[in-house]
Amino acid sequence: MQFLNQFVISFTGLKEGEHEYKFELENEFFEHFEYNDFNSCKIDATVILNKKSNLLEFNFYSKGKINLNCHVSNEPFEYSQEHDMKLVVKFSSELSDDNEELLVLPVGQTQINIGKYLFEMIVLSLPIKIIHPGVKDGSLETETLKKLREYESNVLDNKDKSDPRWDKLKDLI
């Protein structure tokens, strides 16, 4: 938990207006959330806090490189990550988490840990199926892809052939 303390923003002593915070995120940051799907990463994150009299507006920006394994070939590659997110923080005696872009904190709270929001923004910005660019354009040649192509051609060749066991059932109709 000591590591995540660097992401705590104390907003009580801040003047109204914009305040900028910069963070450099690497694998160590994601390991604190028990997330180890990255081989390595180097992401620069910027958080702009716009303090107003009755609320806080956070604008999160991230940009960097993440070394991931392809879901098709399992080959590692550098993925360019870039994303932004907004978060509005209001203060009330009634807590609510209905909206993901609105956070309601209890009146009297003086700080917020934005580490969780940085983590969620980056992880949720990744595509569901991570595919190596070489697989998409056909330039990547690996043993795994050769086997997959061989299997695919076998399936397509056998698609037109019918199984005699099932042909007997067709006669019943």
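Bear in mind that the values in this text are calculations on the coordinates, not laboratory data. Owing to the predicted nature of the structure, the values given are computational and were not obtained by experimental measurement. So basically every Cβ, Gly included, is an ideal-geometry build from the backbone, and we count neighbours across all protein chains shown.
With the charge dipole of the chain set up from +1 on Lys and Arg Cβ and -1 on Asp and Glu Cβ about the Cα centre, the Cα lying farthest toward the positive end among the listed residues N67, Y151, G13 is that of Y151.
Helical runs assigned H by DSSP (4 residues or longer) give the chain a calculated mean residue ellipticity at 222 nm of -8000 deg cm²/dmol, each run adding -39500 (n - 2.57) before division by the residue total.
In this model, which of K51/K86; K22/K51; K22/K116 are farther than 24 Å apart at the alpha-carbon? Violating the 24 Å limit, Cα to Cα: no pairs. Based on C-alpha pairs under 8 angstrom that are at least 6 apart in sequence, region 12-152 has a relative contact order of 18 percent. In summary, the aspartates and glutamates within cross-link reach of K65, defined as a Cα separation below 18 angstrom excluding same-chain residues under 8 places away, comprise E24, E26, E28, E31, D37, D44, E75, E78, E82, D84, E120. Only the Cβ atoms of Lys and Arg (+1) and of Asp and Glu (-1) were treated as charged; on that basis the dipole of the chain about its Cα centre amounts to roughly 160 debye. Here Cα extents along the principal axes in Å was computed from the coordinates, and among (1) 58, 40, 22; (2) 40, 38, 30; (3) 79, 43, 27 the match is (3).
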